């Protein structure tokens, strides 16, 4: 245990997701040893994020204005909405260059153990967007884990009466992976998602 400002910094850093006590201590001492200009730049970036960044009023992606750049882009088509859990998922899909539709960020996944139910996510807002009749396909791109699967199943059942095409991202073997190292679930999904060549 340290005292004063350094312990306060370690405690605050330790509250960040994915940062344990040892990492918090390492970061705190890095900040202590860093050039004051670098520390001021970091502090300014933190302040700017809190002052400028908000969530898009349409899709709930991060934005610096009322709508994010994707929702403002007239070249995107409105026939498909890709549903993701977090804004970082939008970035991952955008890097592929494969999707030219719109997004909807739920803000998490259904997780009863953590007290996260459908009412805690942006599902009501998604249903409002779907009621316009413009959307023809809903792509469920939630994480391939228990919570993501539960969320995708819930949404599929909810949307089914609307007559939309509901698809789920394929999952399976990574490029460059070896079959012998794949777990049974991943290998099973690869078989389910196989395609004709």
Inset, instruction - Tell me, yes or no, whether segment 45-56 has at least one residue that is over 22 Å from the mean Cα position of the chain (by Cα) and either assigned to a loop (DSSP other than H, G, I, E, B) or modelled with pLDDT of 95 or more (or both). - result: yes
Legend entry - Criterion violated by residue 147 - all others in (1) over 17 Å from the mean Cα position of the chain (by Cα); (2) not in a loop (DSSP other than H, G, I, E, B) satisfied: (1)
Inset, instruction - Might you let me know whether segment 86-98 holds any residue that is surrounded by 12 or more Cβ atoms within 10 Å (Cβ to Cβ), under 17 Å from residue 138 (Cα atoms) and in contact with a helix residue (DSSP H, G or I) (Cβ under 9 Å, 6 or more places away or on another chain)? - result: yes
Inset, instruction - Look through 113, 126 and report the one residue that is in a helix (DSSP H, G or I) and surrounded by fewer than 16 Cβ atoms within 10 Å (Cβ to Cβ). - result: 113
Legend entry - Evaluation of residue 190 against (1) modelled with pLDDT under 80; (2) buried (at least 16 other Cβ atoms within 10 Å of the Cβ); (3) part of a loop (DSSP other than H, G, I, E, B) (one fails), failing number: (3)
Inset, instruction - Confirm whether residue 134 is under 21 Å from residue 91 (Cα atoms) and out of contact with any strand residue (DSSP E or B) (no Cβ under 8 Å at 6 or more places or on another chain). - result: no
Legend entry - Output for segment 59-93, where each listed residue is free of Cβ contacts under 8 Å to residues at least 12 places away in the same chain and assigned to a helix (DSSP H, G or I): 69, 72, 88, 91, 92
Legend entry - Residues of segment 8-41 satisfying the condition of being in a loop (DSSP other than H, G, I, E, B) and within 27 Å of the chain's Cα centre (by Cα): 15, 16, 17, 18, 19, 20
Legend entry - Which numbered condition residue 162 fails, given (1) in contact (Cβ under 8 Å) with a residue 24 or more places away in the chain; (2) closer than 21 Å to residue 188 by Cβ: (2)
Inset, instruction - Determine, yes or no, whether residue 176 is without any contact (Cβ under 8 Å) to a residue 24 or more places away in the chain, loosely packed, with under 12 Cβ neighbours inside 10 Å and assigned by TED's automatic domain parsing to the domain that holds residue 87. - result: no
Legend entry - Odd one out for residue 5, checked against (1) modelled with pLDDT of 95 or more; (2) surrounded by fewer than 11 Cβ atoms within 10 Å (Cβ to Cβ); (3) in a helix (DSSP H, G or I): (1)
Inset, instruction - Starting from segment 126-139, take each residue that is assigned by TED's automatic domain parsing to the domain that holds residue 108 and list its partners that are assigned to a loop (DSSP other than H, G, I, E, B), counting only C-beta distances under 6 angstrom and pairs at least six apart or across chains. - result: 134/78; 136/79; 138/164
Legend entry - Check on residue 12, without any contact (Cβ under 8 Å) to a residue 24 or more places away in the chain and surrounded by 11 or more Cβ atoms within 10 Å (Cβ to Cβ): yes
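The values are calculated or read from the model by the stated rules, or taken from the named source; none is laboratory data. Keep in mind it's a predicted model, so treat the numbers as computed, not measured. All Cβ positions, even for glycine, are placed from backbone atoms using ideal geometry, and neighbour counts span all protein chains on display.
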